[in-house]
Structure formats: structure tokens, C-alpha cells
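The values are calculated or read from the model by the stated rules, or taken from the named source; none is laboratory data. Since the model is a prediction, treat every value here as computed from it, not as a measurement. Here the Cβ positions follow ideal geometry from the backbone for every residue, glycine too, while neighbour counts run over all protein chains shown. Heavy atoms of the whole protein, side chains included, go into the accessibility calculation; ligands, DNA and RNA do not. Shrake-Rupley method; radii C 1.70, N 1.55, O 1.52, S 1.80 Å.
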Amino acid sequence: DQDSRPSYRQSKYQKYGRQMCMPEIGFDGQIKLTKSKVLIVGLGGLGCPAAGYLARAGVGTLGLVDGDTVETSNLHRQTLYLEEDVGQSKVLTAYGRLRQMNSRIHYERYDYRLTPEKAPKLFDQYDVILDCTDRQSSRYFISDAAVVTRKPLVHASALGTMGQFMVLNNPPSLIDGNAHQGPCYRCIFPKPMRPENSRSCAEAGVLGPVVGVMGIVMAMEAIKLITQPNSTPWYMIYNAYSKEPFKMLNLNRKNQNCVACSEKCTITRELLESGSLDYDEFCGGRINYDVL
Amino acid sequence: DQDSRPSYRQSKYQKYGRQMCMPEIGFDGQIKLTKSKVLIVGLGGLGCPAAGYLARAGVGTLGLVDGDTVETSNLHRQTLYLEEDVGQSKVLTAYGRLRQMNSRIHYERYDYRLTPEKAPKLFDQYDVILDCTDRQSSRYFISDAAVVTRKPLVHASALGTMGQFMVLNNPPSLIDGNAHQGPCYRCIFPKPMRPENSRSCAEAGVLGPVVGVMGIVMAMEAIKLITQPNSTPWYMIYNAYSKEPFKMLNLNRKNQNCVACSEKCTITRELLESGSLDYDEFCGGRINYDVL
Amino acid sequence: MSTQSNEAGMVLLEVEFTGGLELLFSNQRKHKISLPGSDEKGQPATAAFLVRYLCENLMKDTRKEMFVMDGTVRPGILVLINDADWELEGGDLYELKENDNFFFISTLHGG
Amino acid sequence: MSTQSNEAGMVLLEVEFTGGLELLFSNQRKHKISLPGSDEKGQPATAAFLVRYLCENLMKDTRKEMFVMDGTVRPGILVLINDADWELEGGDLYELKENDNFFFISTLHGG
Ligand SMILES: [Zn+2]
Ligand SMILES: [Zn+2]
């Protein structure tokens, strides 16, 4: 086995020795990382630090999805971009920067906004999905696509001085119908919030370190899912200006009537890929509120 | 006042708008940040993300202290350095990178290992100190120097899959001898750990995202101390592989007999600056461990 | 099973709002409140009764639809009773106990 | 004041080790232990008694100096009783109560 050649071990130790010498990772864990494929959807305040730490940790393939370009108002929290990058594609800029951090891993660039139609085929190619997007509609279709492709989903969000973190669909749903499957996004939020109740980062602002903490915790969780796939899902909120900034929550309930992940599910891979599910409509609170 | 000119406000809004629109920061908070001076001692796994987020948030002056050069084994966690930087000075490399993130703030470079003799004069020039070092002896003298110079100290450490965070000396000791002063490092750890009980990152390893979370929480705390100086000190441990990864602790006790910060203190600025306090001896129980 | 109330027939609770909901409640995150141990019909006070009570007595903001919809908390709000999802505790039907902590959080989508 | 023990005269505690200390205790982080409610001299069991008890009964590692020194936990170990620093609770002299959580953590210096 070429993985066990002394020279191979030695080169890994030089680069990753500080993480390989821990019992939680070890040589076997590093090999698992080297063979893993992680998809980061959204290269904003969450995706930038998540991508940086995962590239440096030595995952095998890092997939980068975003359709936006860098803006000046992104720079306070989107840590892969420099002043000189304003106006450039986020994915291409991030790719260049990440390659300087670790040139030995494989990167895949998806320089477009992900849609429900494209998501399942893309997710098929990865082991772990990170939802680093910033819209309610993408939160729903990314969860649905993770369920139909049976991938664990690391989810986080941030606004103002606050962040939320969840591990979803782990162990993945629909594998064997057993009781250990983790909830999906719809188990916890069966109905979307109406748009008038939702504030965006542009309206409410967001602090760089708040979204940064959430992004790094996502990277940590991806490493955990790769090296210890049976770890328990967990849920956290971070309230930076509170007296007890980190709070763990128990949200671990699977909805037995979930339209996405229960035995009674109505959302299928075919429906998603057909493009007939209008997530913007679903989240906009307009007509056909409960078609989904 | 030139701060209130419309053009000044507008330029700030473009760059920092996403944090200024929050009630916790606002225009006044941004001005406080612009006028603040933060010193980061140690540019390793804690100092790199802390420096990056503080530069991007627009602090006025960022002081960078480190005497080391970049090594390959640093790259998995020390996020300011790229593969091409191996062998280069950490401070100078970090400076170049941070300037690309935010060219409008002022940086001070201290390309040497900090000593107890130099610390007080250096701390005098800053509002908040971040202890991002990695040795027990520096933990003690940085705390002592923060006490004698009356500066709040943000302290964190990490090893393996675990991190610790503390806000020390806040409100600073010795200002008016009142009961509200926060504890210093010696209040909590009056006696040092013997070296045979202490493991270093080189021996025990450290995960990039673990030390990264701690570094960003330090940056967040510096922003809080600048924008809301009266916030309560807090204490946290992060255990990445635990079922409840974040745990808040109540350590808020001032030791009334503390040799550094109580009314009975014996450690003075003069003693520190004289160089007669041998912190390596204190921590190692040996003679001439290093030339402090 | 009857609601655990104190001698005066009142239940003392801690109620916390976050994720923007605090803006609807005088911009105050934590509230200590005392409410009747029985609802309008003399039944033990439930979580549903608490939600109505908060809406009528604690919420100064007139935009009730930012907090309730169709007789319960609006979509997108998680309710935690003593740090556990209220759905795990019976949801609307949960009977209030002295010193319970209710945590209302509006989910976020930013990133 | 006497130690709160159960009918059999034993106190049930949860003890947790972290920051490397778990390596001294069979590499297991959490332990449920049951120990006598009174010490060798018939006095109510204190935190000091617990530390001796852990050293003699739970710790398999022979390097006792990694955990105790001069009759108490060694420098660099924080002890938390129900999440609060034991110094706030009386330190060594704290009297054990049924279901107390003791958390031992060795401080870290890495960065
Ligand atoms: Zn579901
Ligand atoms: Zn002190």
C-alpha cells in the first residue's frame, strides 16, 4: 500500500504532524482527510474561514460554489479576499488564495449560484456538505438535496452579534429507516419564515468575528464527520454580547411527518432536479404556500 | 469635528457599514474602533486569526509581536502564512498580508520575542492586550505587565482538541482598589504548573479550527472591550470532540492575597523592568533556562 | 396532572427573546414574569397560554404577526423549554412549571 | 452541617477530567462514582476527601504527582464544582452533596 511507505508518512508528518499526533486524528484520520471530499456552498463570511481551515487541514477535494463577486462591504468578514480583489469572482479569487495555503490538495470551482436542479448531482460527488449561504430559500433546497443524496449537512448562519449552528441529516436519512437518523432542516423548521420577518446581513449587519467563529466551527465539524462519522449531532447559538455567549441546545428531534426526510416524504430527487419546486415562492409566502 | 463630515461618514459606511448598522457598534462604536490600539503578543494559531479580524474590523493601530519564523508545521493553523512564506519572519509576513486586507489602519511591528523587561513600556502604548503566546512563563509575565500598566487582557490557549478563554484584569486592577476589579492570571493560577505536567503543541498537537475559534473569540472580545468597556469578564472552554463543545465557567474570583494585583502585591513595574524576575525559573524550577 | 404553581396561584417564569425578537419586547432580552397558573377556562396554564399572555401583556410592539400566527408562534421561531426544543416537551400543550425557562429565538439566514 | 448522603451513607457524584487529566483516569472523561459520606475520621466528606479517594481508588496511573501535590490537586488544575470555581465554594473544605458535578481541568499554554 503506497499510503504506508515511510516517505509518504514523513511528508505528511512534516505538514500535518501537529494534528496527526492527536489520538482523535492520528495517521488513519489524516488518510481519511486526504481521501475526503468537502463541498462549501457559499464563499461569504462563513465559507471563507471554513474553506481556509479545511484546505490547511488537508482534505482531499474542496469544492467551492458561489456566483458573486467581491464587494468592499464584504471585506470586514470575508477573510479570503483582499482590497485588490473587489469586483473579482469570489470562487476564482478564493481558489487562487487557497492554493497558496495548500497547493497539494484538489480544488473544484463552481462559479455560479447553486440551484435546486443542479444540487443533487453536485452533492453526489462529495462526502460532507457545508451550507454557508445567506438566503432562506437556499437553506431549504440545500437541506432537501442533502437528504435525497444522503449526505451529512453542516449548517450555520449569522446576523448581527449572533450565530446559529446545526449538524443536520446525520446519520443521513433514508439509509435504513432506523431511529438514529438525524433531523433535517425541515424537521426543525417545517414552515418558512415570512420575508417581512427576516432581516438580511445588509439590513441588520453582521460582525466579522461572529460569522467567523461560526465558519470555523463548521470546518471543525467537517473534520469530525470525516474522522469520526458516528459523532452526535449538536446545536449551538452564539450571542457575542451576552454574558454566556455560547449556548448548547437540544433540537435533536426528527419530524415523523417531515415532507423531506420521513417515510411520508413527498420531496424526491426527481422533483428537485425537474426544477418544478419553486423555493423562492415557497419562502416568499405568496401563492400555493403549502404545495411542498 | 472632522469625524462628522459627510464624506468621512460615507467612506466608513462603505467599508464598515455591515458592522456599523448594528446597535452594539454604530457610528460611535466604529469611531472608538478607529481610535483604538490593540497589541497582539504572539502570531501563531491564536494571533493570526485574531489579527486578521481586527485589521478587517478597522481598529486604529494593530501591534504585532513575535520573534519566530514561519515553519511548514505551522501552516495548518497559522492562517496569515502561505507555503511560500516558510523561513520568513512571522511579524513581517503578517504585516504584508494584513496591509492587503486593510491598508487604512496603522501597524506596528515588533520582530522579537517579548521579555518581562520590555513588556510594560510596550503595553503603555495600547488599550487592550491579547495574549496569543504559547509558553507558561509568558502567560505569567504578560499578566503581570497588564496589571502594572492597567490594561485589560484577553487570554486564550489551545492544545489538542481543546481551548480555554479568559478575560483578565477587567476592569483593570489598582485603579481605585474597588471590588469590581477583575482577577488576573495569578488570581486563578497562583502557582505555576511543573514543566513535566505541561505538554506543548509540538508534543500533543493542536487542531487548526480549535485554536482558530479561540483566536477569533479573542478578536471579538477586543471589539467588545473597545465598544462596551464595562462588559462582564467571562471564561469558556471549548472541547471540540465533546457532546457539549462549549462550556462557560464561573472563575470570577479575585485573590485577596494575589502577589500581582491585590493590595498586598509584591510585583511592581520597577521589578518587572529591572529584569530581576526570572519567569522561566519560576515556571521551570530550573536555573538559567533561557536568558530572560 | 396540574400545573405547578406557587401558593398565590401564580407561576414564576424566566422568558428570554433573541435573534431579533427582543426588539418586539422593549429591546430587553431577559424577563422575569409571573402569570396565573390557570388559563381563561380554569385549565392548567400551558405553553399556548403563555404565548397568548406574552402577546397581550408583555409585547408593547403592535406588530403581533412578528411573534404569533394562527394561534401559535410564527414559523421560524424556535421555542426552547429549559434548553430543549418545546416539540420534545409537548409543544403548545406543555404545562408550565414554576421557574421554567422559556427561550424564544428567531432563526437567522445570513452567512 | 452534614454532608448530604443517601440512605446507604454513600454520596453519588459525577466526576469529569479534561485537558489531558483524562489520560490518568483510564482515558475516560466522565465517571459516575459513589463514595462514603464520611471520611476516615467520621467527619462529613469534603472535596479534599474526594481528591484522596480519586487518587487511591479511581486513578490507575502510578504518576500520582500528575494529579496531587502537597495533599491537594497540583498547581495548574482548576476544580469546578457545578461549573463554579471550587475556591468560590470553599475549596478543599467544601462538603460533598449528592449529585454534585466535579470538573477537573488542567490548564493549557499552547497557542
Ligand atoms: Zn426532515
Ligand atoms: Zn491577581
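Structure above, values below:
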{"item": "Segment B:113-211 - share of DSSP beta bridges that are antiparallel (%, nearest 5)", "result": "65 percent"}
{"item": "Heavy-atom accessible area per residue - chain C, 1.4 Å, Å²", "result": "46 Å²"}
{"item": "GluC sites (Glu not before Pro) lying in DSSP loop within segment C:35-111, provided at most 14 other Cβ fall within 10 Å", "result": "C:Glu40, C:Glu98"}
{"item": "Rounded to 5, percent antiparallel among DSSP beta bridges of segment A:15-284", "result": "50 percent"}
{"item": "Cα point-scatterer Debye curve for segment B:64-115, base-10 log of I(q)/I(0) at q = 0.18, 0.22, 0.29 Å⁻¹", "result": "-0.56, -0.80, -1.15"}
{"item": "Computed FRET value (nearest 0.05) for C:Ala84 with A:Thr232, which takes r as the C-beta separation and R₀ as 22 Å", "result": "0.90"}
{"item": "Where rotation carries C onto D, the chain C residue whose Cβ is nearest that axis, in whole Å", "result": "C:Asp83, 7"}
{"item": "Accessible area buried at the A-B interface, both sides summed, 1.4 Å probe (Å², nearest 100)", "result": "5500 Å²"}
{"item": "Over the protein assembly as shown: helical MRE at 222 nm, DSSP H runs n ≥ 4 each giving -39500 (n - 2.57), nearest 500", "result": "-8000 deg cm²/dmol"}
{"item": "Inter-copy spacing of A:Gly284 label points, which lie 7 Å from Cα along Cα→Cβ, given in nm from shortest upward", "result": "6.9"}
{"item": "Equivalent ellipsoid dimensions for chain B as semi-axes, Å, which come from the Cα gyration tensor, largest first", "result": "29, 24, 19"}
{"item": "Shielding by partners, peptide B:74-84 (average Cβ within 10 angstrom, other chains)", "result": "5"}
{"item": "Chain B, dipole about Cα centre (Lys/Arg Cβ +1, Asp/Glu Cβ -1), debye to the nearest 20", "result": "840 debye"}
{"item": "Of all accessible heavy-atom area on the protein assembly as shown, the percent that carbon and sulfur account for (1.4 Å)", "result": "47 percent"}
{"item": "Distance between modelled label sites at C:Glu98 and A:Gln88, nm, 7 Å Cα→Cβ extension", "result": "6.5 nm"}
{"item": "Equivalent ellipsoid semi-axes, chain D, via Cα gyration tensor eigenvalues times 5, rooted, Å", "result": "23, 15, 13"}
{"item": "Stretch gain in nm, segment A:Glu244-A:Lys37, where the contour uses 0.36 nm per residue and the Cα spacing is subtracted", "result": "71.0 nm"}
{"item": "22 Å Cα-Cα reach of D:Lys41 towards lysines, excluding residues that sit fewer than 8 places from it in its own chain", "result": "D:Lys97"}
{"item": "Coil-residue GluC sites (Glu not before Pro) of segment B:193-292, DSSP, other Cβ within 10 Å capped at 11", "result": "B:Glu263"}
{"item": "Calculated label separations, A:Gln256, copies of the chain, 7 Å along the beta-carbon direction, nm", "result": "5.9"}
{"item": "FRET efficiency estimate (nearest 0.05) - Cβ-Cβ, C:Met69 to A:Asp278, R0 22 angstrom", "result": "0.55"}
{"item": "Shielded by partner chains, segment B:198-213 residues - at least 50 Å² of accessible area, 1.4 Å probe, vs chain alone", "result": "B:Arg199, B:Leu207, B:Pro209"}
{"item": "C-alpha long axis of helix A:208-227 to longest principal axis of chain A, angle in °", "result": "70 degrees"}
{"item": "With Cα atoms, 0 to 90° folded angle of helix A:26-35 axis to chain A main axis", "result": "60 degrees"}
{"item": "Buried accessible area, chains C and A (both chains, 1.4 Å probe, Å² to nearest 100)", "result": "2700 Å²"}
{"item": "Equivalent-ellipsoid semi-axes of the protein assembly as shown, from the Cα gyration tensor, Å, largest first", "result": "40, 35, 28"}
{"item": "DSSP bridge orientation in chain C - percent antiparallel, rounded to nearest 5", "result": "75 percent"}
{"item": "In degrees, nearest ten, helix A:6-20 long axis to first principal axis of chain A (Cα)", "result": "50 degrees"}
{"item": "Charge context of C:Thr107, other residues only, Cβ under 14 angstrom, K/R +1, D/E -1", "result": "+4"}
{"item": "Of A:Gly52, A:Gly17, A:Gly60, the one that fluctuates the most in a GNM where chain A has Cα springs shorter than 10 Å", "result": "A:Gly17"}
{"item": "Å² of accessible area per residue within chain B, as computed with a 1.4 Å probe and no ligands counted", "result": "37 Å²"}
{"item": "Estimated FRET transfer efficiency (B:Asp124, C:Lys30; beta-carbon r; R0 22 Å; 0.05)", "result": "0.05"}
{"item": "Unsatisfied cross-links (Cα-Cα over 28 Å) in the set A:Lys15/D:Lys64; A:Lys224/D:Lys30; A:Lys254/B:Lys243; A:Lys90/B:Lys12; B:Lys12/B:Lys224; A:Lys90/A:Lys151", "result": "A:Lys15/D:Lys64"}
{"item": "Label spacing, shortest first and in nm, from D:Pro75 to its equivalents in the remaining copies (7 angstrom along Cα→Cβ)", "result": "6.1"}
{"item": "Cβ-based net charge around B:Lys90, under 9 Å, with every Lys or Arg adding one and every Asp or Glu removing one", "result": "-4"}
{"item": "Per-residue mean of C-beta atoms belonging to partner chains within 10 Å, peptide C:65-77", "result": "3"}
{"item": "Loop chymotrypsin sites (Phe, Trp or Tyr not before Pro), segment A:213-256, which have at most 12 other Cβ atoms in a 10 Å radius of their Cβ (DSSP)", "result": "none"}
